[in-house]
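Asker: Here's a structure for you.
The values are calculated or read from the model by the stated rules, or taken from the named source; none is laboratory data. Worth saying up front: this structure is predicted, and the values here are computed from it rather than measured. Neighbour counts are summed over all protein chains in view; Cβ atoms, including those assigned to glycine, are modelled from backbone coordinates with ideal geometry. Just the protein is used for accessible areas: all its heavy atoms, side chains included, with ligands, DNA and RNA removed. Shrake-Rupley method; radii C 1.70, N 1.55, O 1.52, S 1.80 Å.
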Amino acid sequence: MSITGRNKNAQVIEKLMTETATKDKKEGSVPAVAETRSKRLFERAKKVMPGGVNSPARACLSVDAEPVFMARADGPYLFDVDDTEYIDYVLSWGPMILGHRHPRLLEAIELGLEHGTSYGAPCRAEVELAELITELIPSIEMVRMVNSGTEACMSAIRVARAFTKRDLVIKFDGCYHGHADGFLVKAGSGLATLGIASSPGVPEEVSKLTISLPYNDLDAVSKAFQEHKDEIAAVIVEPIVGNSGLLNPKEGFLEGLRDLCTKHKALLIFDEVMTGFRVAKGGAQNLLNVKPDLTCLGKIIGGGLPVGAYGGRKDVMEMVAPQGSVYQAGTLSGNPLAMAAGLAQLRALRSEKIYAEMKDMTDKLAQGVRDAAKEHGIKVNVSSTCGMITVFFTKGEVTNFEEAQKADTEMFSKVWKELLNHGIYWPPSQFEAAFLSTMHTKRIIDQTIEAFDKVFKEVS
Ligand SMILES: *Cc1c(COP(=O)(O)O)cnc(C)c1O
């Protein structure tokens, strides 16, 4: 990224911020001292958008706060519309693993822009991204690009049902696989936070096809396979769960799922929308050495642009239209700009060193938070893996969603608000994982631990 490029960007931001200010003025709203631009934007947003947001989690309802409207991002930082700086642990809910405005990403997008934004015809970048994904995740022999993680999971299930000629799907309590009808059964963070077990608008006939079982409970899965002999099309799982807060699989759990699926001729689907290219270069499946039949991807593979993908065994993926008869399509699928961004990000992530360093930083943060909590007598259970961390406010073990829900959400909410006041933008729910980027250096981590220490002192 050239100097002029950065200046240009600063000018654009300046212009956007002035426009916002002018619009506020035109509406005649004379700001009180405490009335921030964020607050005014939220008031406007609520009139024209449900809840004032385009996705529920970011509304900050579960921490009893109002959303902060962001204006720009750079490296590990977010800046809100009132120009307050935060260390960003949301990172667009995972995608921005290189931090914001990584030069290689900006360069790829700028170059892409010069070639137009969408063709609705095949392009080179989608072939190269598909080649790179199949190279880095060997269980994926063929892949189809879509526009979101939701689409990826929804489509993977459709193919699995067609392949097995069966209808039932096993998922796990607290796992989120996007908002397609069949998945909105005990679906983790977003719904737990809002207290919605399932969702109105989903016909009972559809939810009945989903069996939701406790994560890490292999016996329950085994029993379900016996009860529904030759009826289960697939088991879909977040191999490492991010959507209940971070939950690591118990030893043997994923291997057990693999064996049960093979034995009962059901497909094993790893939803790696969050963990793919985050916990390791080849995702959780390479870290934990368990091979699924199908994998869902999203988030990181789009470099911050809307991308999802599903892929896996060639004999299964060959069923997807136009090669096979399982219909699935997308006007913007394989979008050249999104593919260029994803390609640049994955290429930058090729080095193993990145993950070793990120694991170190995550461990350091986890230990720092544990130490600070101990110092101030706060009960926590800090759960982490490479690049992901959840601070559960409970002393108990957290191995599944039910145990996660025993955490003290009021304490979480207090801590969240104080962290925000100390310049830390942490995911606004007890049941979410916080993310690190390669820009979360030792200095940033130290600063974060210091903030936790201050906050714990205040709330203890
Ligand atoms: C985010 C997420 C999804 C949904 O992806 P969207 O792009 O938000 O539709 C699906 N599965 C998992 C594990 C996720 O974390």
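Asker: Residues in the range 247-256: is at least one within 16 Å of the ligand (Cβ to nearest atom), surrounded by fewer than 24 Cβ atoms within 10 Å (Cβ to Cβ), at pLDDT 95 or above and of a type outside the set (A, V, I, L, M)?
Answerer: Yes, there is a match, as at least one residue in the range 247-256 is within 16 Å of the ligand (Cβ to nearest atom), surrounded by fewer than 24 Cβ atoms within 10 Å (Cβ to Cβ), at pLDDT 95 or above and of a type outside the set (A, V, I, L, M).
Asker: Only residues that are over 16 Å from the mean Cα position of the chain (by Cα), crowded, with 19+ Cβ neighbours inside 10 Å and either of a type in the set (Gly, Ala, Ser) or not assigned by TED's automatic domain parsing to the domain that holds Val326 (or both): list them for the range 130-162, please.
Answerer: Ala130, Ser139, Ser155, Ala156, Ala160
For every residue, the table says whether it meets (1) open to solvent by less than 30 Å² (accessible area, probe 1.4 Å); (2) modelled with pLDDT of 95 or more; (3) within 30 Å of Met145 (Cα to Cα).
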| residue | (1), (2), (3) |
| --- | --- |
| Glu318 | no, yes, yes |
| Ala348 | yes, yes, yes |
| Glu352 | no, no, yes |
| Glu375 | no, yes, no |
| Phe393 | yes, yes, no |
| Phe401 | yes, yes, no |
| Glu410 | no, yes, no |
| Lys414 | no, yes, no |
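Asker: For the list (1) at positive phi; (2) in contact with an Asp or Glu (Cβ under 9 Å, 6 or more places away or on another chain); (3) surrounded by 20 or more Cβ atoms within 10 Å (Cβ to Cβ), I need the number of the one condition that Gly52 fails.
Answerer: Just one mismatch for Gly52, condition (3).
Asker: While we're on this one: Within the range 310-328, is there a residue that is touching a Leu at 6+ places or on another chain (Cβ under 9 Å), within 11 Å of the ligand (Cβ to nearest atom) and in a helix (DSSP H, G or I)?
Answerer: no
Asker: How many residues are assigned to a helix (DSSP H, G or I) and within 16 Å of the ligand (Cβ to nearest atom) when one looks only at the range 134-154?
Answerer: Residues in the range 134-154 being assigned to a helix (DSSP H, G or I) and within 16 Å of the ligand (Cβ to nearest atom): 6 in total.
Asker: Right, something else. Which count do you get for residues in the range 70-124 that are open to solvent by 50 Å² or more (accessible area, probe 1.4 Å), closer than 29 Å to Trp426 by Cβ and not in a helix (DSSP H, G or I)?
Answerer: 7
Asker: Count, please, the residues in the range 404-441 that happen to be charged (D, E, K, R) and within 23 Å of Pro95 (Cβ to Cβ).
Answerer: Looking only at that region, the number is 1.
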